[in-house]
1. Looking at (1) farther than 21 Å from Val58 by Cα; (2) without any contact (Cβ under 8 Å) to a residue 24 or more places away in the chain; (3) not in a loop (DSSP other than H, G, I, E, B), find the lone condition where Thr6 falls short.
2. Where residues in the range 27-50 are touching a helix residue (DSSP H, G or I) at 6+ places or on another chain (Cβ under 9 Å) and in contact (Cβ under 8 Å) with a residue 12 or more places away in the chain, which of them is surrounded by the fewest Cβ atoms within 10 Å (Cβ to Cβ)?
3. Would you confirm, using the coordinates I've provided, whether Val17 is surrounded by 10 or more Cβ atoms within 10 Å (Cβ to Cβ) and modelled with pLDDT of 95 or more?
Amino acid sequence: MRRATTRAGQGVASRLVKACCVTLTEAGASAVVAEVESRNTASAALMRSNGFGAGVVVTFFVRETLR
């Protein structure tokens, strides 16, 4: 997989996650939920490294539009 920018690996995403969590908590949120696809191991690792733990697994049912 090709890295999207030269900032990859410098903690930018982690700082954004932390800033969002602080902002949401200050606004009164009692929890912050992040949806990560099971095959997206990089995002799952990012969330775990920022204090998130695996929670409820939800199955989405999708019906394609009929043409």
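1. Result: Thr6 passes all but (3).
2. For the range 27-50, the residue satisfying everything is Ser49.
3. For Val17, the condition - surrounded by 10 or more Cβ atoms within 10 Å (Cβ to Cβ) and modelled with pLDDT of 95 or more - is met.
The values are calculated or read from the model by the stated rules, or taken from the named source; none is laboratory data. If you're wondering where the values come from, they're calculated on a predicted model, not measured in any experiment. With ideal geometry, Cβ positions are generated from the backbone for all residues, glycine too; neighbour counts draw on all protein chains shown.
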